[in-house]
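S.K.: The following block contains the structure, expressed as structure tokens.
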Amino acid sequence: MAVIRDVMPEFQLFQPASVADAQKLLEQHGPDAWVMAGGLDSFDWLKDRIKKPKALVDLSGIEELRGIRTTGDGIEIGAMTTLTEIVRHPEIKEKYSLLSQAAELVASPQIRNQGTVGGNVSQDARCWYYRAGWPCYRAGGNICYADTPVGRNREHAILHAERCVAVNPSDTAPALIALDAKFVLRTPKGEQVINAEDYFLGPDIDITRMNILQHGFLLTAIRIPSTWVGAQFYFEKLRDRNVWDFPLVNIASAMKLSGNTIQDIRIVVNAVAARPLRLKAVEDSVRGKERSAATGEAAGKLAVQGAVPLQFNAYKIPLMRNLVKRAIGGVQEATWA
Ligand SMILES: Cc1cc2nc3c(=O)[nH]c(=O)nc-3n(C[C@H](O)[C@H](O)[C@H](O)COP(=O)(O)OP(=O)(O)OC[C@H]3O[C@@H](n4cnc5c(N)ncnc54)[C@H](O)[C@@H]3O)c2cc1C
Ligand code: SF4
């Protein structure tokens, strides 16, 4: 199938100035509408002519979707806040540095200047068959091109695959889940506030979507409670090129210690499944234990139980195991074997 990269398909461009107006437009145009934030993912789809919406609803003129505010119990980040603004924000750096670390490792400075946090958590899978317009399961077809003996699947899933083996590529998503963030949605039925981890969908729920957004939905803000302020944070991202690249695997954890005993922890990995995975079994297994290399070692082994490699991504199993081991044990040496 031809991929045309010269001119974008024709669409009507709408630039509402309020969330209410954006919602009206989305209701009016239904499945023909496309929500655009920073445009980094959106323009790929449009320029390759794989998605051809009739109406583009550009959120960039909606002031109420921008900015970072201190609330009674934490902070609220507007969905259109750029990743650079998050990286530079003094309160986020001081109290929620897990998020600023994750945001700083997204792509390049130019992409962080334009890319928004709402777009980052809502971006689509990067599987190249799908992005090139192949009619696979995720595109509504009846086959997965990546999961065949000759399929290129080095970056794909090792856990919870169900026909589609694509992964969620977001760096900020695991940090937000580890911080117990809440996502604020505007839906045709009103406002909805959900736990960050419930925003993401696996192919067992819907193979064509990576999150719960449906026609007429907007993500308006992300709220981070102060629950984990002062905790020990760990974020690590492994990628092919450290200049800028999507994660092969990333990990985010927030840990509360009493002396050297792990009192409480939230730990999340991404790029190993179609949605970021909170490792609840690992959390349960280490609570009350000493933070040590041995605890990390056992946790790493537990984390990868049930992992199934594809033809070219078996390396992700020791990679994930060792990231968990380091996040929990505090061990800094890289051991990938
Ligand atoms: C070359 C390149 C490298 C990248 N590397 C990384 C990386 O290393 N790590 C990483 O995490 N990301 C990476 N990204 C993704 C990038 O960081 C952007 O954040 C992401 O593509 C989308 O952000 P955006 O604001 O441009 O959103 P858009 O592209 O405009 O939107 C993305 C999707 O989200 C939907 N959407 C956006 N905002 C809302 C909203 N408020 N409500 C409802 N729907 C919404 C849009 O409809 C669209 O489907 C990379 C992107 C590129 C192009
Ligand atoms: S991994 Fe998913 S997105 Fe990629 S070809 Fe298979 S079904 Fe399509």
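What follows is calculated from the coordinates using simple rules that are stated; it is not laboratory data. Everything numeric here is computed off the predicted structure, so don't read it as measured data. Note that we place each Cβ from the backbone using ideal geometry, even for glycine, and neighbour counts take in every protein chain shown.
S.K.: Would you grab the residues whose amide H sits under 5 Å from the one on residue 12? Only those 5+ places off in sequence or on another chain, please, with H modelled 1.01 Å from N.
M.R.: 55, 56
S.K.: If you take the square roots of the eigenvalues of the alpha-carbon gyration tensor of segment 202-337 and sort them as a ≥ b ≥ c, do you get rounded (a/c under 1.5), prolate (a/b over b/c) or oblate?
M.R.: oblate
S.K.: Order of 201, 13 from fewest to most other C-beta atoms within 10 Å?
M.R.: Ascending Cβ contact count within 10 Å gives the list 13, 201.
S.K.: Need the full-extension length gain, residue 94 to residue 13, defined as separation in residues times 0.36 nm minus the C-alpha distance. One decimal, nm.
M.R.: Working it through step by step, the gained length comes to 25.2 nm.
S.K.: Right, something else. Say the cut-off is 29 Å between C-alpha atoms; which of 47/93; 95/289; 54/189; 95/301; 182/325 go over it?
M.R.: With Cα atoms farther than 29 Å apart: 47/93; 95/301.
S.K.: Could I ask something else about it? Treat the count of other C-beta atoms within 10 Å as a stand-in for reagent exposure and order 127, 136 from fewest to most.
M.R.: 136, 127
S.K.: How big is the Kirkwood radius of the chain, worked out from every pair of different alpha carbons and given in Å to one decimal?
M.R.: Computed over Cα pairs of the chain, the Kirkwood hydrodynamic radius comes out at 20.5 Å.
S.K.: Using helices alone, what [θ] at 222 nm do you get for the chain, with -39,500 (n - 2.57) per DSSP H run of 4 or more residues, divided over all residues and rounded to the nearest 500?
M.R.: Per the formula, -7500 deg cm²/dmol.
S.K.: Would you please give the residues with an amide H less than 5 Å from that of residue 312, counting only those at least 5 places away or on a separate chain, with H modeled from the backbone geometry?
M.R.: Result for residue 312 returns 153.
S.K.: Based only on other Cβ atoms within 10 Å, what is the fewest-to-most ordering of 117, 243?
M.R.: 243, 117
S.K.: In whole Hz, what ³J(HN,Hα) sequence does segment 18-32 give by Karplus (6.51, -1.76, 1.60; θ = phi - 60°), x for Gly and Pro?
M.R.: 9, 4, 4, 5, 4, 5, 4, 5, 5, 5, 4, 9, x, x, 7
S.K.: Under the Karplus relation 6.51 cos²θ - 1.76 cosθ + 1.60, θ = phi - 60°, what is the ordered set of whole-Hz ³J(HN,Hα) values for segment 44-56, x standing for Gly and Pro?
M.R.: 4, 5, 6, 5, 7, 6, 8, 10, 10, x, 8, 10, 10
S.K.: Another question, if that's okay. May I ask you to compute the full-extension gain from residue 261 to residue 193, defined as 0.36 nm times their residue separation minus their alpha-carbon distance, rounded to one decimal in nm?
M.R.: Net length gain for the segment: 21.2 nm.
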